[in-house]
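What follows is a short report on a single structure.
FYI, it's all coordinate maths here, none of it is from the lab. These numbers were taken from a predicted model, which means no experiment stands behind them. All Cβ positions, glycine included, derive from the backbone under ideal geometry; neighbour counts span all protein chains shown.
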Amino acid sequence: MANWSTTAFVFPGQGSQQVGMGKDLAEAYPAARQTFVQADDVLGFSLSRLCFDGPEHDLNDTINTQPALYTAGIATLRALQSELPDAVPGFVAGHSLGEFTALAAAGALSFEDGLRLVRERGRLMKQAGTQSPGAMAALLGLDADQAWAVCRQASQQTGGVLVVANDNCPGQLVLSGDDATIEAGMALAKDAGAKRVVKLAVSIAAHSPLMESASVAFREALAATTFQPPTVPIYGNVNAAPLTSVDEIRTELDRQLTHSVRWTESVQAMIAAGAARFVELGPKDVLAGLMKRIDRNVPGAALNSVETLRAFVQENQ
């Protein structure tokens, strides 16, 4: 019998989208299919068609990517719970955009309200990216202190903005900033001994001060959205600690746009609180992969297809 109280459900952020996402689940599970139908109705266009058939260029546009990943995550969760109704986790968390999926999974946000919110978040982030263009780059082989030192040095060189946007796992960090300072930071990171420095295929400087214009408008959307206290402990990206009240949730989601995603610390905090296995619900297996680098003694599984979901259900009946 599965021990759900020591299970953490985690939901991925941007970069996990792919054409075809959710299609096999929607064909196999009525609960997943209904989730995509619901999303199409709320948004007033066929998000399901975009997820299932593309085109890839449109799916990768942040205004579409965010609601697509959110919907796919909830569709996977509902498919799982249609087979295992007692599959209520002891912990939830989401990486960046995935935090909204986690909030819906924890009962803090209705599916419809969360969907409208992530669509608006995507729109505002896209707009902020036009107003304050920037870029992001992944660093492999440096620790967080070294990466922050690179950011400070690059910012001094250019007078621009560069921050650590994501601390994904030991040795894998993502920088975010304006174009000139990203280039300076990439060169400095190589000099500092980074094994790899890879510019990411994004046109916005997410989780940096360059998102400030989005943050101001997004605050209004958050104020107009109904939240409930979560029924499951949800660990926030900004503080890597549980969000227990509606006020804390609103503050977290506001600050998250311009602050770092402390994923390594969030996972470590859940493990310290008793999480003994992690289950990723979404199109790929990015977070399950990071688990191996954060703590190889804690198992991670990814539910990203009918095949993986059926196998998981069989193991946990």
Quiz item: Any idea which of 215, 185, 42 is furthest toward the positive side of the dipole for the chain, if Lys and Arg beta-carbons carry +1 and Asp and Glu beta-carbons -1?
Solution: 185
Exercise. Find the relative contact order for region 138-202 and round it to a whole percent, using C-alpha pairs within less than 8 Å whose residues are 6+ positions apart.
Key: 43 percent
Practice problem: Rank these for me by crowding, 101, 225, going from fewest to most other beta carbons within 10 Å. | Solution: 225, 101
Self-check item: Computed magnitude of the charge dipole of region 138-202 (debye, nearest 20; Cβ of K, R +1, Cβ of D, E -1)
Solution: 180 debye
Quiz item: Between region 252-317 and region 44-110, how many Å separate their Cα centres?
Solution: 14 Å
Quiz prompt | Length-normalised contact order for the chain - Cα pairs under 8 Å, 6+ apart - percent | solution = 23 percent
Quiz item: Dividing the Cα radius of gyration by the Kirkwood radius, what Rg/Rh value follows for region 138-202?
Solution: 0.91
Exercise. Could you grab the relative contact order for region 210-317? Cα pairs under 8 Å, six or more apart, rounded to a whole percent.
Key: 19 percent
Quiz item: Excluding residue 133 itself, what net charge comes from residues whose Cβ is under 12 Å from its Cβ, given Lys and Arg +1 and Asp and Glu -1?
Solution: -1
Quiz prompt | Only Lys, Arg (+1) and Asp, Glu (-1) charged, at Cβ; the chain dipole about Cα centre in debye | solution = 400 debye
Exercise. Considering only lysines 8 or more places apart in sequence, or on different chains, count the pairs in the chain whose C-alpha atoms sit under 19 Å apart.
Key: 5
Quiz item: How much mean residue ellipticity at 222 nm does the chain get from its helices, if each DSSP H run of length 4 or more adds -39500 (n - 2.57) and you divide by all residues, to the nearest 500 deg cm²/dmol?
Solution: -15500 deg cm²/dmol
Quiz prompt | Net charge dipole size for region 1-138 [Lys, Arg +1 and Asp, Glu -1 on Cβ; Debye, nearest 20] | solution = 260 debye
Practice problem: Would you mind telling me which residue in 238, 267, 216 has the biggest mean-square fluctuation in a Gaussian network model of the chain, where springs connect alpha carbons within a distance under 10 angstrom? | Solution: 216
Quiz item: For the chain, what does the alpha-carbon gyration tensor say about shape, rounded, prolate or oblate, given a ≥ b ≥ c as the root eigenvalues, a/c under 1.5 as rounded, and a/b over b/c as prolate?
Solution: prolate
Exercise. Within region 183-208, find all residues whose amide N lies under 15 Å from a label point positioned 7 Å from the Cα of residue 146 along Cα-to-beta-carbon.
Key: 186-198
Exercise. Work through the residues other than residue 215 whose Cβ is under 9 Å from its Cβ and net out their charges, Lys, Arg +1 and Asp, Glu -1.
Key: 0
